[in-house]
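The block underneath contains the structure these notes are about, expressed in structure tokens.
What follows draws every value from the coordinates through simple rules; no lab data is involved. Quick caveat, the model's predicted, so the values are computed rather than measured. Note that each Cβ is placed from the backbone with ideal geometry, even for glycine, and that neighbours are counted across all protein chains shown.
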Amino acid sequence: MKAATKIALIAGIATGYVLGSRAGRERYEQIAERADAIWNSKAVVKQRDNVAGLVDTYVPSFVTTTAKGVGQIGLGLGNLVFGDGGRAKGARPSRER
């Protein structure tokens, strides 16, 4: 490839990059402004508040119920595995060496 062709190619790539990045930044700003306007609109704020109220209402009881359930599963597994005398059912006594 000739030197003049290389220089023209590099100049074209550089120009495209600069123009593309400017246009990209402007488009990003437009999208960010629109998203911010939607996020802070009255309808979205109202629904966010509704969801926050539901979370405050139901999450504590969900956590309590889930913790109790997990505790019961743990107890059930413990009894299944270590039911009698602290060792698994049907397990042979360990041989000491």
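For the range 1-51, the alpha-carbon radius of gyration amounts to 2.17 times the rule-of-thumb value 2.2 N^0.38 Å expected for a compact globular protein.
Loop-resident trypsin sites (Lys or Arg not before Pro) (DSSP state other than H, G, I, E or B) in the range 1-80 with no more than 14 further Cβ atoms inside 10 Å of their Cβ: Lys2. With both labels modelled 7 Å from their Cα along Cα-to-Cβ, the Ile31 to Val18 distance reads 2.5 nm.
Across the range 7-21, computed HN-Hα scalar couplings (Karplus, 6.51 cos²θ - 1.76 cosθ + 1.60, θ = phi - 60°) run 5, 5, 5, 5, 5, x, 5, 5, 4, x, 5, 5, 5, x, 5 Hz from first to last residue, x flagging Gly and Pro.
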